[in-house]
1. Report the one residue of VAL413, LEU59, VAL199 whose Cα lies farthest in the direction of the positive end of the charge dipole of the chain (charges on C-beta: Lys and Arg +1, Asp and Glu -1; origin at the Cα centre).
2. To make sure I understand the rule: partners must be lysines, Cα under 23 Å from the Cα of LYS152, and not fewer than 8 residues away in the same chain. Which ones qualify?
3. Order these peptides, 457-466, 524-533, by their mean beta-carbon neighbour count within 10 angstrom, highest first.
4. So how strong a dipole does the stretch 412-538 carry about its Cα centre when Lys and Arg Cβ are +1 and Asp and Glu Cβ are -1, to the nearest 20 debye?
5. Ranked highest first by the average count of other Cβ atoms within 10 Å around their residues, in what order do 50-57, 163-170 fall?
6. Does the chain come out rounded, prolate or oblate by the C-alpha gyration tensor, with a ≥ b ≥ c the root eigenvalues, rounded set by a/c under 1.5 and, if not, prolate when a/b is larger than b/c and oblate if not?
7. Go through 128-141, 326-339 and give me the packing order, highest mean Cβ count within 10 Å leading.
8. Among VAL162, LEU190, ALA294, whose Cα lies farthest out toward the positive end of the dipole of the chain, if unit charges sit on the beta carbon of Lys, Arg (+1) and Asp, Glu (-1)?
Amino acid sequence: MSEQTPASGHLVDGPADPEHDPKASYALEPDYVASLTNRVVSTTGRTVAVSSPLNGQPLANIPQSSADDVAEAFARARRAQAAWARTSLDDRAAMLLRFHDLVLDRQDEIIDLIVLESGKARKHAFDEPLHIALTARYYGRTAHQHLDSERKMGVVPGLTRVEVNRVPKGVVGIISPWNYPFSMAMCDGLPALLAGNTVVTKPDAQTMLAALLGAQLLAEAGFPEGVWNVVAGLGPDVGPPMIDRSDYICFTGSTATGRIIAKQCADRLIGASLELGGKNPILILRDAGIEKAAEGAVRASFSNAGQLCISTERMFVADQIYDRFVERFVARTQAMSLGASMEWGVDMGSLISQAQLDTVAAHVDDAVAKGARVLAGGRARPDLGPYFYEPTILEGVTPDMTCFGNETFGPVVSLYRFHDEADAIERANAGDYGLNASIYTQDGDRGRAIARQIKCGSVNINEAFGATMASIDAPMGGMRQSGMGRRQGSEGIHRYTESQAVATQRGVRFSPMFGMSDEGYAKVMTAQLKIMKKLGRA
Ligand code: NAD
């Protein structure tokens, strides 16, 4: 490590004996790794080795959980839940705010693990503690707003008192992907905890360490034993026993897996929120600031090497500015620095795996074979690391090409010219996904009017994706095949609660009184209904 490397204190200097075995040593101190992996609920004695996509260096042997281990994790969560739900909301919120401070204080350590496990550029890894700190602060500060009992209108004014309580669901199962290993493993669990639930989480097998550090920081923030439990293994093995025991499932991942999970949840009649894939459009209108749009387009398309659910893969550019915009977008893309580095200063890192590299290369090769033109990138970079691929801009992509409508989940964007905005909106809305969109225009009103016609759960005007994602008070999620339910905002916490209506009735009852017949009662009630409508009551 060079002098400038943020000192997490847990990195070691690379291969111990490279002459004999270039992968001989761990990049991390074994004791440190053990302190994290010990948090996995596992009795199998089986481990799976994970290596860094940066250079193939081994990182850790992750203990694997059996179905019995999953059952044990749920038993611990269930035992802890009743006491946790009785802990005052103020105390729960205070823990969340302490967790916020720990995440900011320990961000170098968090980022080091994210970069090592995922291969992403340090600046993209920073987005993760940033997102989690924003989420922890938001829910920590708005706990009462979302969870206090609420008075509602009673049916008989003055005589029916109604309040709605927010009751925790119980134990929430969280299944998360590898692309934002810290953020995705933690962001949905924080509101679940605040609402009085306990959690069993299964992070992706490739990126357990960052998720385990999150669990460690929760413990340090004061969350009691048993409220946050981590299991490890492959989704098809560990997922079903989790779903069998959860009171609610929060899943983030591909649409294909989301469909499987939704069916299993339906069988048990438990709720689920599904944060799934996208094929996100960006619209560059004719009045867009060219330089601003080109800068945003680079971030929209190539953040985390495009392995971002809200990343842009389809770019619709107004005819009037197409050539000028494309010239600036291509120039900025070609100027990006790529590298396998723990340091700041790299614009894009590696893909996570051979599987991701294969998909990206297959999409680009298929498009090129069918006539698409490559304006930037278009090739792997094994000289930089095993899974590097250049940020790639394609033109002339047609519906017969795989990357036209299928999510690539990599650094590949297709450019399309449009003549009128109605046509651009229709093309942006084509396909089955509906996750995120961006619009660049100098006319905010125009942008917002167009946003209302876009079938996506989030729309960012003059920003790639960060404006909606970081505005935690607003809901975030997908329309159509991009998901069900929302994270963030009040929807992001209410999904983990059952709403319970409690009505206290005084004075009158809902049956004939004072010797009145049923028919007389019906007449009196009918007259009352008419009066209430005249009085304007809801
Ligand atoms: P994936 O669906 O293969 O895996 C996601 C998680 O599900 C992993 O933890 C995996 O182990 C688990 N899993 C896999 N099969 C399972 C099964 N049968 N039962 C239970 N769990 C199972 O997705 P991925 O390829 O790892 O992630 C990339 C996808 O995630 C992309 O499509 C991306 O758009 C999407 N994503 C969506 C969001 C969002 O917020 N909408 C965020 C990040 C990623």
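The values are calculated or read from the model by the stated rules, or taken from the named source; none is laboratory data. From a predicted model like this one, the values you see are computed outputs, not experimental measurements. For neighbour counting, all protein chains shown are included, and Cβ atoms are generated from backbone atoms with ideal geometry for every residue, glycine included. Ligands, DNA and RNA are excluded from the accessible area calculation, which covers all protein heavy atoms including side chains. Shrake-Rupley method; radii C 1.70, N 1.55, O 1.52, S 1.80 Å.
1. Among VAL413, LEU59, VAL199, the one farthest towards the positive end of the dipole of the chain is VAL199.
2. Answer for LYS152, where 23 Å is the Cα cut-off: LYS169, LYS530, LYS533, LYS534, listed by chain and number.
3. 457-466, 524-533
4. 700 debye
5. By packing density, highest mean first, the sequence is 50-57, 163-170.
6. oblate
7. Highest to lowest by the protection proxy: 128-141, 326-339.
8. VAL162
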